[in-house]
Amino acid sequence: MRKLTALLLGALCGCATGQAAGPATASASGLPDFELTDTDGTPVRLSSYLGKDVVYLDFWASWCGPCQLELPQLEALDEKYGSKGFVVLGVAMDDPTTVGAVAPVARKAGITFPVLLDSQSRAGALYNSGHSAPYGVLIDRTGRIVEQRGGYTPGDERALESLIAAELSKKP
């Protein structure tokens with residue numbers, strides 16, 4: 001049922017992708033861990049943030065219109081709350097034929113948070129099994145998933161900001 005819901009959300013926003021899954025390891029928090037490279041080729045591991053930061057995994061694609069509308073909103077949240085223990089990890093789901101567009105789209109949107117390349121869908125298989133875009137997963141400081149959301153409509157960032165602020169106000 002969950003997979004069907006995610007697929008329907010992806011279809012409704014007009015953005016979805018289907019790619020094969022890869023192996024995963026568990027982090028200290030118990031959530032599946034992954035390591036991907038960012039647009040500069042630097043490896044980034046989810047577990048390096050779990051247990052200390054509130055993390056928002058943003059699954060997006062360079063060809064997804066709603067994703068491109070959401071990216072600047074996430075950048076603003078990252079700028080506002082980054083010094084308080086919040087981090088956005090942008091997970092680009094572009095396949096090998098479109099992955100070259102990821103960095104230019106991120107630059108155009110003014111993104112400074114890490115943009116990770118998931119062309120083999122390793123992270124997507126763990127946290128976005130429907131391969132919907134945009135799709136977000138909010139993880140608290142204890143490594144618990146607090147919220148999962150698919151699609152984007154302007155104004156959605158206000159509800160997300162409320163959740164982020166609430167999680168940041170909790171003692172670690």
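The values are calculated or read from the model by the stated rules, or taken from the named source; none is laboratory data. Fair warning: this is a prediction, and the values are worked out from it, not measured in the lab. A quick note on method: Cβ atoms are made from the backbone with ideal geometry, for glycine too, and the neighbour counts reach across all protein chains shown.
Take the residues in the range 144-172 that are hydrophobic (A, V, I, L, M, F, W, C) and over 19 Å from LYS80 (Cα atoms); name whichever of them is surrounded by the fewest Cβ atoms within 10 Å (Cβ to Cβ). So the residue we want is ILE145.
Considering the range 93-117, and only residues there that are under 10 Å from ALA61 (Cβ atoms) and charged (D, E, K, R), the residue that is surrounded by the most Cβ atoms within 10 Å (Cβ to Cβ) turns out to be ASP94. ALA166 meets all of the listed conditions (1) in a loop (DSSP other than H, G, I, E, B); (2) over 20 Å from LEU46 (Cα atoms) but one, namely (1).
Yes or no, residue by residue, for (1) modelled with pLDDT of 95 or more; (2) over 12 Å from LEU117 (Cα atoms):
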position	(1), (2)
LEU12	no, yes
PRO23	no, yes
LEU36	yes, no
TYR56	yes, yes
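Listed conditions (1) farther than 24 Å from TRP63 by Cα; (2) part of a helix (DSSP H, G or I); (3) of a type in the set (A, V, I, L, M, F, W, C) are all met by VAL146, apart from (2). For the range 99-133, a residue qualifies if it is β-branched (Val, Ile, Thr) and in contact (Cβ under 8 Å) with a residue 60 or more places away in the chain, and the qualifying residues are VAL102, VAL115. Among the residues making up the range 75-92, those that are of a type outside the set (Asp, Glu) and buried (at least 18 other Cβ atoms within 10 Å of the Cβ) are LEU77, TYR81, PHE86, VAL87, VAL88, LEU89, GLY90, VAL91, ALA92.
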